[in-house]
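Computed from the coordinates by the stated procedures, all read-outs in this text should not be read as laboratory data. If you're wondering where the values come from, they're calculated on a predicted model, not measured in any experiment. With ideal geometry, Cβ positions are generated from the backbone for all residues, glycine too; neighbour counts draw on all protein chains shown.
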Amino acid sequence: MHESGRRALALWCVLLGGAVALDTTAAANPAAIAKRSACEARPAPPRVILISVDGLRPDAITQQTAPNIAALQAAGVRAATALNDLPSATLPNHASMLTGLTAELHGLLLNVDLPGTIPQTTLFEYAAAAGLRTAFFASKTKLAFLAKPGASEVVETEHEPQATVELLLPEICPEGPDLIFLHLAEPDSTGHREGWMSPAYLAAVAEMDALIGRIVAALDGETSRDTYILLTADHGGEGLNHFLNIPEDRRIPWIVRGPRVPAGAVLNEVVSTVDTTATVLWLLGVDVPKGLSGRARTAIRDQTGAAVDVQSVMPPVGLPCVILMVPGLLLAMRVRPDRPRPGGPAAGCTAEPATAP
C-alpha cells in the first residue's frame with residue numbers, strides 16, 4: 001500500500017476507535033447522560049416580588065401621582081374590590097397577608113413592636129420548605145415579628161423606605177431569591193400626620209412610587225427568569241386614621257403583573273388580603289397548603305367572576321371596627337347598629353374594654 005494510503009487508513013482507524021470509545025462510554029453510563037441533560041433543560045424557577053405600600057388607598061393611584069404603580073395596573077391585573085382584614089392596622093394585616101389566615105385564627109390584634117415571632121407558619125416558611133430562597137425587607141421594625149429565623153436568607157427591618165430599597169436592589173439578579181417581600185412605611189406616616197388624600201399624603205405616595213419604579217426597572221433589566229410583581233397594601237385611611245370598618249379604611253390595591261397575566265384586566269372577584277399567601281405560592285409553583293383562610297386567585301389568568309359592589313361586601317355593623325392603642329389603655333371600637341355609617345374617625349362608634357372576638 002502506498003505510504004499516503006497507509007497514513008489515511010491509520011487516521012481513519014484512530015477516528016473510528018475514538019467514536020467507538022465515546023459511544024461505549026455513553027452506553028456504559030446512560031444515567032449520567034440523562035441526569036446532565038435534565039439539569040441543562042431545567043428552567044429557572046419563577047420569581048415573585050411582593051410589595052406592600054403601607055396605607056396606600058387605591059384611589060390615590062393615578063397617572064399623575066403614581067405613574068409607576070399605574071403602569072403596573074396597565075400591564076397586569078387589578079382587583080376591582082380588595083379588602084383588608086380586621087382590625088384595620090399594620091401588623092395584624094401583614095400577619096393576615098403573610099400567613100394566609102384571618103386575625104381570628106392568627107390572633108394578632110396589637111399594632112406594636114412585639115418580642116419573638118409569630119407562631120403560625122408564614123409564606124416564607126412554606127416557600128423555604130419547597131426549596132426556594134426568600135428575602136424580607138420592611139421599613140417598620142414591628143414587622144420583624146413576621147420574619148422567622150432561617151425562613152429568609154436576608155432580613156432587614158431597621159431602615160427608612162429609600163435605604164430599604166437600596167438594600168433590596170442587589171438581590172435582583174439571576175442567582176437572587178425566588179421570593180422577595182418589600183414593605184414601604186409611607187404614605188401611612190404622612191397620612192396620620194397630615195390626613196389621607198391630603199397634598200402631603202399624595203406627595204408621599206409619589207415618593208414611594210418613584211422607589212417602586214426603580215425596582216421595576218431593575219426587574220425589567222434582569223430577564224433570566226419569569227418574574228411576577230404583586231403590589232398591595234395593609235389598609236387605606238380617612239382623616240388621620242384607618243381603624244374604622246368603612247371602605248376608605250378597608251379598601252386596598254391588589255395588582256399582579258407577570259407572564260401570562262393579561263394587560264389592563266380587572267379581576268371582578270372580591271379579593272382579601274388573606275388571599276395573598278396562597279396566590280404567591282401558586283405563582284411560585286408551590287402547592288397551597290390546606291387550612292388557609294385565603295385561596296389562590298387563579299382567575300388573574302382567566303378573568304372570571306361577577307362584578308361586585310364594595311358596599312355589599314363590607315362586614316355587617318356590630319363587628320369590631322377598630323383596635324386603638326391609647327397610652328395605658330387598649331380600646332376596641334364597635335360600630336353601633338342603630339347609627340348610619342360613620343362620617344368621621346369616631347362618629348357612630350362606642351368605646352368599650354377590649355375583649356376577644
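Full extension of the chain between residue 248 and residue 287 gives 10.6 nm of extra length, using 0.36 nm per residue less the Cα-Cα distance. For segment 51-166, the Kirkwood hydrodynamic radius comes to 15.7 Å, computed from all pairs of different C-alpha atoms. Of the residues 208, 97, the one with the fewest other Cβ atoms within 10 Å heads the list, and the complete ranking is 208, 97. Placing a pseudo-label 7 Å from each Cα along the Cα-to-Cβ vector at residue 141 and residue 159 gives an inter-label distance of 1.7 nm. Counted by neighbouring Cβ atoms within 10 Å, the residues 224, 293 run from fewest to most as 224, 293. Ordering 153, 269 from the fewest to the most neighbouring beta carbons within 10 Å gives 153, 269.
If the viscosity is 0.692 mPa s and the temperature 37 °C, what Stokes-Einstein diffusion coefficient in µm²/s follows for segment 47-297 when Rh is the Kirkwood radius over Cα pairs? Taking Rh from Cα pairs, D becomes 186 µm²/s.
Taken one residue at a time, the phi angles of segment 57-62 give Karplus couplings (6.51, -1.76, 1.60, θ = phi - 60°) of 7, x, 6, 8, 8, 10 Hz. Gly and Pro are set to x.
Put the Cα centre of segment 260-302 next to the Cα centre of segment 69-139 and the gap is 13 Å. Short-range pairs are left out: with C-alpha atoms under 8 Å and at least six residues apart, the relative contact order of segment 47-297 is 36 percent.
A simple packing score, the average count of other Cβ atoms within 10 Å per residue, orders the peptides 178-187, 259-268 as 178-187, 259-268, with the highest score first. The order of the peptides 84-92, 110-118 by mean Cβ neighbours within 10 Å, most packed first, is 84-92, 110-118.
Counting only DSSP beta bridges whose two residues both lie in segment 47-297, roughly 25 percent are antiparallel.
Taking 0.36 nm per residue of sequence separation and removing the Cα-Cα distance, the residue 175/residue 193 pair yields an extension gain of 2.4 nm. Multiplying the residue separation of residue 207 and residue 301 by 0.36 nm and subtracting their alpha-carbon distance yields 30.8 nm.
If you add up the charges near residue 278, with Lys and Arg at +1 and Asp and Glu at -1, over every other residue whose beta carbon is less than 15 angstrom from its beta carbon, what do you get?
-1
Computed 3J(HN,Hα) for segment 153-159, one whole-Hz value per residue from the Karplus formula 6.51 cos²θ - 1.76 cosθ + 1.60 where θ = phi - 60°, is 6, 10, 9, 10, 9, 10, 10, glycine and proline marked x.
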